[in-house]
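Read through the structure below, which is laid out as structure tokens, and then see the notes.
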Amino acid sequence: MPQQKKSAPVNPLTPTNKEEEDAIRRGEENKKRRLQSKANSLQTSPPTEEERSLIHKIFMESKKPDRNHVFMSKTHNQSVILCQPSDRNIHGKIFGGYLMRKGFELAFSTAFLFARSQPAFVALEDVTFFKPVEIGDILRLNSRVVFTQDKSVQVEVLATVTDPYVGEEQTTNVFNFTFECPSVKDGDVKKVLPTTYEEAMVYLQGRRIFLTAHEKSETQI
């Protein structure tokens, strides 16, 4: 049968007990949450009034020297990988799980370096693959701490690929990891502060992701 490159119909799920009904309900709630989050994305809509007030408060805080504050620009880390045939999938592209693992390793290291305490993984936001990664591509993973609260650290990892023969760089993934550092010394982790408008939007997005993950964990208890 020729490939049509169209979505295929999927058989609906029919729950047979209370546990399965709850699982389907949570899945539907997560779908609604994702659609709402996409509709209110900071890429297309301005921040809320509460968020604008928060950014102004952070701006005022950034003017005052504080040992417990770290500028977001100081939290960056990067890894560069030459994509090898050993990591390809059945379609001849780099396996998505490999990208996620490398993203996680960099995010874990970034949170560890930032908090000076071993982090524990809490959550990973939904992952979208914008572009397949080819064998021979140069994969760059850039991480930064985008939000902190209490003992939690939110890390963004931006994955881009470059064809070395062309030199064009394209984004393939954006990973958002939530970690907790229960053994951090001297109370809570340091507060990360944005210093540009772009960083402020990333800060707010990281805050939204963190609060959503926190809300979901509480509802599942």
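The values are calculated or read from the model by the stated rules, or taken from the named source; none is laboratory data. Since the structure is predicted, the reported quantities are computational estimates derived from the model, not experimental observations. Glycine also receives a Cβ, built like all others from the backbone with ideal geometry; neighbour counts cover every protein chain displayed. Note: accessible area is taken over every heavy atom of the protein model, side chains too, but ligands, DNA and RNA are not part of it. Shrake-Rupley method; radii C 1.70, N 1.55, O 1.52, S 1.80 Å.
Key figures
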| quantity | calculated |
| --- | --- |
| Of all accessible heavy-atom area on the chain, the percent that carbon and sulfur account for (1.4 Å) | 53 percent |
| Cβ-based net charge around residue 113, under 12 Å, with every Lys or Arg adding one and every Asp or Glu removing one | +4 |
| Largest to smallest accessible area among 177, 114 [probe 1.4 Å] | 114, 177 |
| Residue 162 paired with residue 67, simple spin-label distance in nm, labels 7 Å along Cα-to-beta-carbon | 4.0 nm |
| All lysines inside 26 Å of residue 93 as judged from Cα atoms, apart from same-chain residues fewer than 8 positions distant | 5, 6, 102, 131 |
| Over the chain: helical MRE at 222 nm, DSSP H runs n ≥ 4 each giving -39500 (n - 2.57), nearest 500 | -12500 deg cm²/dmol |
| Separation in nanometres of the label points that stand 7 Å from Cα toward Cβ, at residue 48 and residue 138 | 4.2 nm |
| Fully extended contour minus Cα-Cα distance, from residue 116 to residue 84, at 0.36 nm per residue | 8.2 nm |
| Residues with amide H under 5 Å from that of residue 88, placed H, sequence gap 5 or more | 95 |
| Per-residue HN-Hα couplings for the range 89-95 [Karplus 6.51, -1.76, 1.60; θ = phi - 60°; Hz; x = Gly/Pro] | 9, 5, 8, x, 9, 5, 4 |
| Test item: Cα-centred dipole of the chain, Lys/Arg +1 and Asp/Glu -1 on Cβ, debye | 180 debye |
| Candidate lysines for bridging to residue 18, where Cα separation is under 25 Å - those fewer than 8 sequence places away on the same chain excluded | 31, 32, 216 |
| Fully extended contour minus Cα-Cα distance, from residue 21 to residue 105, at 0.36 nm per residue | 26.7 nm |
| Calculated FRET value between residue 191 and residue 28, using beta carbons and R₀ = 41 Å, to 0.05 | 0.70 |
| Along the chain, longest interval not containing exposed trypsin sites (Lys or Arg not before Pro), exposed being DSSP loop plus at most 10 other Cβ atoms within 10 Å | 68-184 |
| Set of aspartates and glutamates near residue 190 by C-alpha distance (under 14 Å), chain-local residues within fewer than 8 positions excluded | 61, 66, 150, 180 |
| Net +/- balance of residues flanking residue 164 in space, Cβ distance below 13 Å, scoring K and R +1, D and E -1 | -4 |
